[in-house]
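Down below is the structure, laid out as structure tokens.
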Amino acid sequence: MKAAKLCARSGTVWAIRVENLKKRYGEVEALKGVTFSVAAGELFALLGPNGAGKTTTIRILCGLTRPSGGRAFFFDCEVFREPIRAKKMAGLVPQTINLDLELTLWENLLIHGLLFGLSRETIKKRAEELLSFAGLFERRHHKVRTLSGGMRRRLLIIRALMHEPRILFLDEPTVGLDPHIRRKLWGLIKRIQQQGTTILLTTHYIEEAEFLANRVAFIDQGEIIVIDTPQALTERLGLFAVDLVKEDGLETHYFPSREEAEEFMVQMGKRGETVTLRRVNLEDAFVHFTGKRV
Amino acid sequence: MRGFFAVYLRELLIIWHRLPRMLLSFSVSPTLYLVAFGFGLGKDLSVGGRPYLEFLIPGLVAASSMMQGFGINVEINVARFYLKVFEEFQAAPISNLSYVLGEILSGVTRALLSTTVILIITSLAGVSFHFGPAFWSGVVLNAFIFAALGVTSAMVIKSHADQALVTNFIITPMAFLGGTFFPVENMPGPVQLVLKALPLTHASRLIRQASYGEGLNVTDLYLLLVLAGLCLLLAYWSVDKARD
């Protein structure tokens, strides 16, 4: 009730609220009190390097892993107290393609629909809609084994949408895919968001978070470092960056305007430095806030 | 219980897609045992006044239903460690009991299929038995117990290699020693005690007695029912423990 009141006061409907989430594996603290909220209809990205705690967060929220502490809510539902109700609200697209390769596309969707309590009529209707939406309708009676990697990813995503979840969890949805297939999937994810679904995405691709997310959380070593819009995060550093090539790597300087950056470049050029001018991007912000590259 | 149906249907679809290969594989072991022990070694032997072949076939049914029931652990292992389909079940709004019952029933289905294959082969060999409710209740209970143990072992073990150890050290010896190939009563007293503690010994006795048309062995039936309940609880507990 307290949580619901807070939402009402701020005027924002929170689809996901995570409070002080902790996970410990023996001596290792995988999550050290993660806290964040995602507004209804928002696409929120958890961005961090491998082992940062992104997947652990999603696994806990989807009931695959037991938390060591903390609370989480999907709308008004407390996830760990009402797991069955929470699971009905959520769709999960895991990092690993966990489809039944021996079954057909249609059979995979049928089993998912039954698991989520849909009627046969609803399953047929939703499966046809989603297979068409993902451009897989013609392949519906083929075994999943015969699909390409990109097609399997698309099937994985639409399978999670079968029961019309209010929240969709995408765990590294484009990992290992060719750039052109990745961009196709970005289009699919955007369209899903436009239909009103709240999306929590984890990725270690900077450009993916920059292109897709309304807000981004940098996560590193089990802790959220900072949360903001991609634009606000980059603007905290400036608009333009100048990279100097040094013996031990790049040294980057940030400037609020192009003129100031160019002036700096001229000075460095006179000293014989190799310099490059570019716009500040999300990776700069990540390096700035965490001290490391993704 | 729709979750239970979804889990079971998935297994049925897998069986359906593999049916020809599966039936062929179900027929290999019993045929070999029948040829080697039944027609070869045991041709002139008799047990309890009956030809050895008549003693052997119910034992093969018991051993095969055990193996096929327990064999779902391989499917669960593949679903858990290779395909990761188990995570789809974990993320779904279904109870652990639905999952366990769905998997156990698929084990029982496989056992019924393998039993049918054995009965077809033996009928070709000219041997006939009584296949009434007592016979089938023995087969189903035996498969249920070992399918539940199969679920438990698949949840508890950490790799495919560990699974092979369980099969090699527990299931295979039981298949040979649980009253399948010889009467347990032929063994020395202390060994008999050990062998009578095996669930398969009671399943073999129940199935054999029913096959001979000697009615239902109520003691064995109750014992197997209690064991089935305990193994179901064990499987339920193990699925909950599988969440890391």
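Looking only at the stretch B:172-184, how many residues end up being part of a helix (DSSP H, G or I) and in contact with a Gly (Cβ under 9 Å, 6 or more places away or on another chain)?
Kept after step one, since they are part of a helix (DSSP H, G or I), are these residues of the stretch B:172-184: B:172-177, B:184.
From what is left, the residues that are in contact with a Gly (Cβ under 9 Å, 6 or more places away or on another chain) are B:184.
Looking only at that region, the number is 1.
May I ask you to list the residues in the stretch B:205-223 that are within 25 Å of B:Phe169 (Cα to Cα) and in contact with a Pro (Cβ under 7 Å, 6 or more places away or on another chain)? B:Ile207 - this is the single residue of the stretch B:205-223 that is within 25 Å of B:Phe169 (Cα to Cα) and in contact with a Pro (Cβ under 7 Å, 6 or more places away or on another chain).
Please determine whether any residue of the stretch A:126-145 is more than 22 Å from A:Leu99 (Cβ to Cβ) and at pLDDT 90 or above. Scanning the stretch A:126-145 turns up no residue that is more than 22 Å from A:Leu99 (Cβ to Cβ) and at pLDDT 90 or above. Could you tell me whether A:Ala232 is within 30 Å of A:Lys22 (Cβ to Cβ), of a type in the set (Gly, Ala, Ser) and in contact (Cβ under 8 Å) with a residue 60 or more places away in the chain? So A:Ala232 does not fit the description; no.
Have a look at B:Ala197, B:Ala228, B:Ala210 and point out the one that is over 22 Å from B:Met155 (Cα atoms) and either among the hydroxyl-bearing types (Ser, Thr, Tyr) or touching a residue at least 24 places away in the same chain (Cβ under 8 Å) (or both). Before the answer, list the steps.
Numbers: B:Ala197 fails: either among the hydroxyl-bearing types (Ser, Thr, Tyr) or touching a residue at least 24 places away in the same chain (Cβ under 8 Å) (or both); B:Ala228 fails: over 22 Å from B:Met155 (Cα atoms).
When all the criteria are applied, what remains is B:Ala210.
Flag set for B:Ala197, criterion: within 17 Å of the chain's Cα centre (by Cα), surrounded by fewer than 12 Cβ atoms within 10 Å (Cβ to Cβ) and more than 22 Å from B:Leu101 (Cβ to Cβ).
Here A:Glu121 clears all of (1) crowded, with 22+ Cβ neighbours inside 10 Å; (2) away from chain B (no Cβ under 12 Å) except the condition numbered (1). In the set B:Ser153, B:Ser64, B:Ser98, B:Ser128, only one residue is polar (S, T, N, Q), part of a helix (DSSP H, G or I) and either touching a Phe, Trp or Tyr at 6+ places or on another chain (Cβ under 7 Å) or surrounded by fewer than 19 Cβ atoms within 10 Å (Cβ to Cβ) (or both); that residue is B:Ser98.
How many residues does the stretch B:84-100 hold that are over 19 Å from A:Gly113 (Cβ atoms) and within 14 Å of another protein chain (Cβ to nearest Cβ)? Adding up the residues that qualify gives 3. Scanning the stretch A:57-79 for residues that are within 11 Å of chain B (Cβ to nearest Cβ), of a type in the set (Val, Ile, Thr) and touching a residue at least 40 places away in the same chain (Cβ under 8 Å) yields A:Ile58, A:Thr65.
B:Arg80: within 12 Å of another protein chain (Cβ to nearest Cβ), touching a residue at least 40 places away in the same chain (Cβ under 8 Å), among the basic types (Lys, Arg) and in a helix (DSSP H, G or I), yes or no? Show your work before the answer.
On the way: within 12 Å of another protein chain (Cβ to nearest Cβ): yes; touching a residue at least 40 places away in the same chain (Cβ under 8 Å): yes; among the basic types (Lys, Arg): yes; in a helix (DSSP H, G or I): yes.
When the stated conditions are applied, B:Arg80 passes them.
Of the strands (runs of 3 or more DSSP E) lying entirely inside the stretch A:7-71, not one contains at least 3 residues that are touching an Asp or Glu at 6+ places or on another chain (Cβ under 6 Å). The set of residues from the stretch A:80-95 being among the aliphatic types (A, V, I, L, M) and either more than 12 Å from chain B (Cβ to nearest Cβ) or surrounded by fewer than 22 Cβ atoms within 10 Å (Cβ to Cβ) (or both) comprises A:Ile84, A:Met89.
For the stretch A:96-111, the candidate set comprises residues that are more than 8 Å from chain B (Cβ to nearest Cβ) and crowded, with 22+ Cβ neighbours inside 10 Å; within that set, the residue that is farthest from A:Thr146 (Cα to Cα) is A:Leu109.
When you scan the stretch A:206-215, do you find a residue that is more than 14 Å from chain B (Cβ to nearest Cβ), within 22 Å of B:Pro93 (Cα to Cα) and modelled with pLDDT under 95, even just one? No, the stretch A:206-215 contains no residue that is more than 14 Å from chain B (Cβ to nearest Cβ), within 22 Å of B:Pro93 (Cα to Cα) and modelled with pLDDT under 95. Filtered by the rule that a residue be touching an Asp or Glu at 6+ places or on another chain (Cβ under 7 Å), aliphatic (A, V, I, L, M) and within 7 Å of chain A (Cβ to nearest Cβ), the stretch B:1-21 gives B:Leu13, B:Ile14.
Working only within the stretch A:116-146, note down all residues that are hydrophobic (A, V, I, L, M, F, W, C) and free of Cβ contacts under 8 Å to residues at least 12 places away in the same chain. Break it down stepwise before answering.
So the first thing to find is which residues in the stretch A:116-146 are hydrophobic (A, V, I, L, M, F, W, C), and the list is A:116, A:118, A:123, A:127, A:130-131, A:133-134, A:136-137, A:144.
Within the stretch A:116-146, A:Phe137 is the sole residue that qualifies.
Among the listed residues B:Tyr52, B:Tyr8, which satisfies the condition of being hydroxyl-bearing (Ser, Thr, Tyr), crowded, with 18+ Cβ neighbours inside 10 Å and under 18 Å from the mean Cα position of the chain (by Cα)? Don't jump to the end; show me each part of the working.
Working: B:Tyr52 fails: under 18 Å from the mean Cα position of the chain (by Cα).
One residue alone meets the criteria, B:Tyr8.
The values are calculated or read from the model by the stated rules, or taken from the named source; none is laboratory data. This is a predicted model, so every value here is computed, not measured. Every residue, glycine among them, receives a Cβ derived from its backbone with ideal geometry; neighbour counts consider all protein chains shown.
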